[in-house]
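Trainee: Below is one structure. I have some questions about it.
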Amino acid sequence: VIEGSEVIPELVSVVICAWNNWPDLEMTIESALNQSYRPLEVIVVDNCSTDGTPEEVSCSFGCSVRYIRQPNRGDAGAYNTGFGVARGEFVQFVDGDDVLAPNKIEKQVEVFRAGPQADIVYGDVRMFQTRAGVANWIDPSTKEESDIWCALISSHVGICALGTLWRRRIIEKVGPWDETLYVADLDYLLRAAWAGCRFAHCPGGPMGFARVRPGQMTADQSAIARGLEIVWEKALGYVAREPYRSLIAAELARQRFNRALSRDITKQEALATVKLARATSPETVPAFVYIAARAAIILPVNLLRTEWLRPIRQWILAKLTFDSPKSRALIVRQPSIPGPRS
Amino acid sequence: VTAADDMIPGLVSVVICAYNNWPDVEMAIASALHQSYRSLEVIVVDNSSTDATPEEVPRRFGTRLRYIRQPNRECAGAYNSGFSIAHGEFIQFMDGDDVLAPNKIEKQLTIFRANPGLDIVYGDVRTFQETGGAANWTDLAMVPEDDMLAKLTAPQGIWLNTLGVLFHRTALNKVGAWDECLYVEDADYFLRAAWSGCRFGYCSGSPMGFRRLRPGQKMENSSAMERGIEAVWSKAIGYITREPYRSSLAAKIADWRFHRAVFTDHLVTREALVDLALARATSPVAISALRYSAAYVMVMLPGGRYLAQSQWLGPLRRIVARLF
């Protein structure tokens, strides 16, 4: 971390994580460079891309961006490296797929100016698709939250890295992004909330456009479900205050229950997971739901995996409020997939 | 129309139509002012907005853009006024709801530079929604076209989006003014451009802009849009005299009327019959006697149009259609 004397007041540092997303990355960098706000610096951290990124970035942007190449450490590792060299009073983290709205930084700095006690400003993000076709996702909308903890845990808040702007001092307080996680941004937001950060809402138009790529959603659904579980498990390790602890336990139990009933898990694992879900939060998974789920898993006729029964299953899950809207939003909105780690 | 000596080579004029869309128009203006291509002027034409637009636009942007207020003449009127004072060699028209991609102008100018004969460059546009919720639309994919007029007049044709297009001044001089009497002015403008011999180039890659979907938007009024599109095509049949474009367009209009008569519930029985007869008269080739009489029976029969429209009878209808 840079010494305090090197911090330049008013400066916004945009840290972009690049990993094999040329030419999409071009628009990301352009959207950062051509903000209505000045002064601004752009730092591109390349997680060892094997595509045209290294040549193209230096060729197209030269010294208007700072380009750093490093071994692949996921988006969390890229954000850590980028923040390590950033000199801004405010920091924006962006994935190399996504696009900042042209006045995003300006709007959010205005919110910081109006409320100097705010540490993080968040706003809406809208999704767009790379390939033309039918749009079938859910865009979360953000609003002013009286209790950011409850919002982050149990409701559909839609706060993500792209839609937020951070004060430097708060990143120093929260510490580095966790590079061992698959869903790093939720963890970082939870830790920021735990560290006592004050979140302020920026109303109005979208702050950015998040790219939906073919394969992105469906292929990694189970990995994300698992990744979310790990984030909640980690949160249970440090969040001691009630009612937040129970809320997190309930969310974790829901995650586990949903994963037990998902299609990509063996029967044995499913039984173990549903048991774990009940142990995590007996209030969320009452005895009759637990028994019914076990029965459904054990039954030889595979009711849980039959494709044409899916609408009925979804309906039942929705009725039991086990289908958490947040998990759905995050499943759709997954940033770049980190490569294999050593 | 601006005299040619007023034109500044290399300059791009962005003409934004504003009508009661503050604060959305703020993002539209920011996306135009902060392009990666620098030689650029922004003209905001305000169709007499009754919201904060007249105070906020001059206050926030001052001399960085030219702001004109005029009686409401719809988008077409705003584009005409904007173009009449534009100095650009290239012109971008956009609605105050929408957002240009940060490198849109630069990307499309690269295509113009590589192909000096082009009049119009078009590219992809992506949709986003104003309020959160389930996404429910289809984004269209553009491809390079050899014969744009054929594509625009074909029954299963394509739609160009003004937001994704960059005009060379020559195109606007060839085509003339935007038609202020039409509800769907852009469809008309692209048809006329293709008819007047404009050469179209395609800009591939990332989206050129983001189009806003808002509750209560013009697009939402489907019956007015249907009427508006029909008016555009009826106008086109008046000037598109060359074959095969003319027959193709006639078939397109006939299909459109036929579809509205049988497959929508916007019309009462008598209107539907008139539309059906009109469809047959427009293109006896597209609407064969057999198709016409089958549709006539459907419309006349009580509940016949319900049979034609209900979702769950879809597979059955497809079987019947195949038999014919």
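Trainee: Check B:Leu278, B:Leu316, B:Leu301, B:Leu267 and return the single one that is in contact with a helix residue (DSSP H, G or I) (Cβ under 6 Å, 6 or more places away or on another chain) and of a type outside the set (Gly, Ala, Ser). Can you show your working first?
Mentor: Values: B:Leu316 fails: in contact with a helix residue (DSSP H, G or I) (Cβ under 6 Å, 6 or more places away or on another chain); B:Leu301 fails: in contact with a helix residue (DSSP H, G or I) (Cβ under 6 Å, 6 or more places away or on another chain); B:Leu267 fails: in contact with a helix residue (DSSP H, G or I) (Cβ under 6 Å, 6 or more places away or on another chain).
Step by step, each of B:Leu278, B:Leu316, B:Leu301, B:Leu267 is checked, and only B:Leu278 is in contact with a helix residue (DSSP H, G or I) (Cβ under 6 Å, 6 or more places away or on another chain) and of a type outside the set (Gly, Ala, Ser).
Trainee: While we're on this one: Which members of the stretch B:196-236 meet the condition of being among the hydrophobic types (A, V, I, L, M, F, W, C), in a helix (DSSP H, G or I) and open to solvent by 40 Å² or more (accessible area, probe 1.4 Å)? Reasoning before the result, please.
Mentor: Step one: of the stretch B:196-236, the residues among the hydrophobic types (A, V, I, L, M, F, W, C) are B:198, B:200, B:203, B:208, B:210, B:213, B:219, B:224-225, B:229, B:231-233, B:236.
With the extra rule that they be in a helix (DSSP H, G or I), the set shrinks to B:219, B:224-225, B:229, B:231-233, B:236.
Result: B:Met219, B:Ala231.
Trainee: I'm trying to understand the selection: among the residues of the stretch B:36-50, which are within 19 Å of B:Asp95 (Cβ to Cβ) and either among the polar types (S, T, N, Q) or within 14 Å of chain A (Cβ to nearest Cβ) (or both)?
Mentor: Filtering the stretch B:36-50 down to residues within 19 Å of B:Asp95 (Cβ to Cβ) leaves B:40-50.
If the condition is that a residue be within 19 Å of B:Asp95 (Cβ to Cβ) and either among the polar types (S, T, N, Q) or within 14 Å of chain A (Cβ to nearest Cβ) (or both), then B:Leu40, B:Val42, B:Asn47, B:Ser48, B:Ser49, B:Thr50 are the ones that fit.
Trainee: Another question, then. Scan the stretch A:132-149 residue by residue and report those that are open to solvent by 40 Å² or more (accessible area, probe 1.4 Å) and either acidic (Asp, Glu) or more than 7 Å from chain B (Cβ to nearest Cβ) (or both). Show your work before the answer.
Mentor: So the first thing to find is which residues in the stretch A:132-149 are open to solvent by 40 Å² or more (accessible area, probe 1.4 Å), and the list is A:134, A:136, A:138, A:141, A:143-147.
Selection gives A:Lys143, A:Glu144, A:Glu145, A:Ser146, A:Asp147.
Trainee: Would you point out which residue out of B:Leu152, B:Leu166, B:Leu213 is of a type in the set (A, V, I, L, M), more than 19 Å from B:Ile240 (Cα to Cα) and away from chain A (no Cβ under 14 Å)?
Mentor: Working: B:Leu152 fails: more than 19 Å from B:Ile240 (Cα to Cα); B:Leu213 fails: away from chain A (no Cβ under 14 Å).
Matching residue, one of B:Leu152, B:Leu166, B:Leu213: B:Leu166.
Trainee: Same structure again: Would you point out the residue of the stretch B:134-149, among those that are within 14 Å of chain A (Cβ to nearest Cβ) and under 22 Å from B:Lys104 (Cβ atoms), that is least open to solvent (accessible area, probe 1.4 Å)?
Mentor: Taking the candidates together, the pick is B:Asp139.
Trainee: Among the residues of the stretch B:121-133, is any more than 13 Å from chain A (Cβ to nearest Cβ), under 17 Å from B:Leu11 (Cβ atoms) and touching a helix residue (DSSP H, G or I) at 6+ places or on another chain (Cβ under 6 Å)? Working first, answer last.
Mentor: Within the stretch B:121-133, the subset more than 13 Å from chain A (Cβ to nearest Cβ) is B:121-122.
In the following step, the residues that additionally are under 17 Å from B:Leu11 (Cβ atoms) were identified as B:121.
Now restrict to residues that are touching a helix residue (DSSP H, G or I) at 6+ places or on another chain (Cβ under 6 Å): B:121.
Looking for residues that are more than 13 Å from chain A (Cβ to nearest Cβ), under 17 Å from B:Leu11 (Cβ atoms) and touching a helix residue (DSSP H, G or I) at 6+ places or on another chain (Cβ under 6 Å), one finds at least one in the stretch B:121-133, hence yes.
Trainee: Go through (1) of a type in the set (D, E, K, R); (2) closer than 23 Å to A:Trp149 by Cα; (3) open to solvent by 70 Å² or more (accessible area, probe 1.4 Å) and name the single condition A:Lys234 misses.
Mentor: A:Lys234 satisfies all of (1) of a type in the set (D, E, K, R); (2) closer than 23 Å to A:Trp149 by Cα; (3) open to solvent by 70 Å² or more (accessible area, probe 1.4 Å) except (3).
Trainee: Which residues, counting only those in the stretch B:82-102, are in a strand (DSSP E or B) and closer than 21 Å to A:Leu25 by Cα? Give the steps one after another, and end with the answer.
Mentor: Quick first cut of the stretch B:82-102, residues in a strand (DSSP E or B) only: B:88-95, B:99-100.
Across the stretch B:82-102, the qualifying residues are B:Val99, B:Leu100.
Trainee: So which residues in the stretch A:177-204 are within 14 Å of chain B (Cβ to nearest Cβ), open to solvent by 10 Å² or more (accessible area, probe 1.4 Å) and either of a type in the set (D, E, K, R) or out of contact with any Asp or Glu (no Cβ under 6 Å at 6 or more places or on another chain) (or both)? Can you show your working first?
Mentor: At the first step, the residues of the stretch A:177-204 found to be within 14 Å of chain B (Cβ to nearest Cβ) are A:201-204.
Now drop any that are not open to solvent by 10 Å² or more (accessible area, probe 1.4 Å), which leaves A:201, A:203-204.
Within the stretch A:177-204, A:Pro203, A:Gly204 meet the criteria.
Trainee: Can I ask one more? For A:Cys48, only one of the following conditions fails: (1) more than 19 Å from the chain's Cα centre (by Cα); (2) in a loop (DSSP other than H, G, I, E, B); (3) closer than 26 Å to B:Tyr37 by Cα. What is its number?
Mentor: Of the numbered conditions (1) more than 19 Å from the chain's Cα centre (by Cα); (2) in a loop (DSSP other than H, G, I, E, B); (3) closer than 26 Å to B:Tyr37 by Cα, the odd one out for A:Cys48 is (3).
Trainee: Give me the pairs: first residue in the stretch B:281-298 and surrounded by 14 or more Cβ atoms within 10 Å (Cβ to Cβ), second residue not hydrophobic (A, V, I, L, M, F, W, C), beta-carbon distance under 7 Å, and six or more apart or on different chains, which are they?
Mentor: Note: pairs meeting the criteria are B:Thr282/B:Arg257; B:Ala286/B:Asp255; B:Ile287/B:Arg280; B:Tyr292/B:Arg280; B:Met298/B:Gly304; B:Met298/B:Arg305.
Trainee: Another one. Scan the stretch A:40-51 residue by residue and report those that are buried (at least 23 other Cβ atoms within 10 Å of the Cβ) and within 14 Å of chain B (Cβ to nearest Cβ).
Mentor: Result: A:Val42, single match.
Trainee: Select from the stretch B:20-35 the residues that are more than 8 Å from chain A (Cβ to nearest Cβ) and of a type in the set (A, V, I, L, M) and list them in ascending order. If you could, list the steps in order and put the result at the bottom.
Mentor: So in the stretch B:20-35, the residues more than 8 Å from chain A (Cβ to nearest Cβ) come out as B:20-22, B:25, B:28-29, B:32.
Of everything in the stretch B:20-35, those that are more than 8 Å from chain A (Cβ to nearest Cβ) and of a type in the set (A, V, I, L, M) turn out to be B:Val25, B:Ala28, B:Ile29, B:Ala32.
Trainee: Considering only the stretch B:103-139, state which residues are assigned to a loop (DSSP other than H, G, I, E, B) and farther than 19 Å from B:Ser39 by Cβ. Steps first, please.
Mentor: The initial filter retains those residues of the stretch B:103-139 that are assigned to a loop (DSSP other than H, G, I, E, B), namely B:103, B:115-119, B:124, B:130-132, B:135-136.
Correct list: B:Asn115, B:Gly117, B:Asp119, B:Asp124, B:Glu130, B:Thr131, B:Gly132, B:Ala135, B:Asn136.
Trainee: Can you tell me which of (1) open to solvent by less than 30 Å² (accessible area, probe 1.4 Å); (2) in contact with a strand residue (DSSP E or B) (Cβ under 9 Å, 6 or more places away or on another chain); (3) not aromatic (Phe, Trp, Tyr) is the one A:Ile153 doesn't meet?
Mentor: Among (1) open to solvent by less than 30 Å² (accessible area, probe 1.4 Å); (2) in contact with a strand residue (DSSP E or B) (Cβ under 9 Å, 6 or more places away or on another chain); (3) not aromatic (Phe, Trp, Tyr), the lone unmet condition for A:Ile153 is (2).
Trainee: Can you tell me which residue within the stretch A:84-120, out of those that are assigned to a strand (DSSP E or B) and within 12 Å of another protein chain (Cβ to nearest Cβ), is surrounded by the fewest Cβ atoms within 10 Å (Cβ to Cβ)?
Mentor: Top of the filtered list is A:Leu100.
Trainee: So, in the stretch B:18-41, how many residues would count as being surrounded by 24 or more Cβ atoms within 10 Å (Cβ to Cβ) and either over 20 Å from A:Gly204 (Cβ atoms) or out of contact with any strand residue (DSSP E or B) (no Cβ under 7 Å at 6 or more places or on another chain) (or both)?
Mentor: As a first pass, look at the stretch B:18-41 and keep what is surrounded by 24 or more Cβ atoms within 10 Å (Cβ to Cβ): B:18, B:25-32.
Those still in the list that are either over 20 Å from A:Gly204 (Cβ atoms) or out of contact with any strand residue (DSSP E or B) (no Cβ under 7 Å at 6 or more places or on another chain) (or both) too: B:26, B:30.
The qualifying residues number 2.
Trainee: Given the conditions (1) buried (at least 23 other Cβ atoms within 10 Å of the Cβ); (2) touching a Lys or Arg at 6+ places or on another chain (Cβ under 9 Å); (3) of a type in the set (Phe, Trp, Tyr), report the number of the one that A:Tyr37 does not fulfil.
Mentor: (1)
Trainee: For the stretch B:146-170, what are the residues that are of a type in the set (Val, Ile, Thr) and under 13 Å from B:Cys203 (Cβ atoms)?
Mentor: Start the filter on the stretch B:146-170 by keeping residues that are of a type in the set (Val, Ile, Thr), which leaves B:153, B:158, B:162, B:165, B:170.
Selection gives B:Val165 alone.
Trainee: Of the numbered conditions (1) away from chain A (no Cβ under 12 Å); (2) open to solvent by 20 Å² or more (accessible area, probe 1.4 Å), B:Lys107 satisfies every one except a single condition; which is it?
Mentor: Evaluating B:Lys107 over (1) away from chain A (no Cβ under 12 Å); (2) open to solvent by 20 Å² or more (accessible area, probe 1.4 Å) leaves (1) as the failure.
Trainee: Now for a separate question. Take the conditions within 14 Å of chain B (Cβ to nearest Cβ) and either in contact with a helix residue (DSSP H, G or I) (Cβ under 9 Å, 6 or more places away or on another chain) or under 20 Å from A:His201 (Cβ atoms) (or both) and apply them to A:Gly123. Does it pass?
Mentor: yes
Trainee: Sticking with this one: Among the candidates A:Thr81, A:Thr28, single out the residue that is away from chain B (no Cβ under 14 Å), in a helix (DSSP H, G or I) and among the polar types (S, T, N, Q).
Mentor: Values: A:Thr28 fails: away from chain B (no Cβ under 14 Å).
Residue meeting the stated conditions: A:Thr81.
The values are calculated or read from the model by the stated rules, or taken from the named source; none is laboratory data. None of these values were measured; they are calculated from a predicted model. We place every Cβ from the backbone using ideal geometry, glycine too, and count neighbours over all the protein chains shown. Heavy atoms of the whole protein, side chains included, go into the accessibility calculation; ligands, DNA and RNA do not. Shrake-Rupley method; radii C 1.70, N 1.55, O 1.52, S 1.80 Å.
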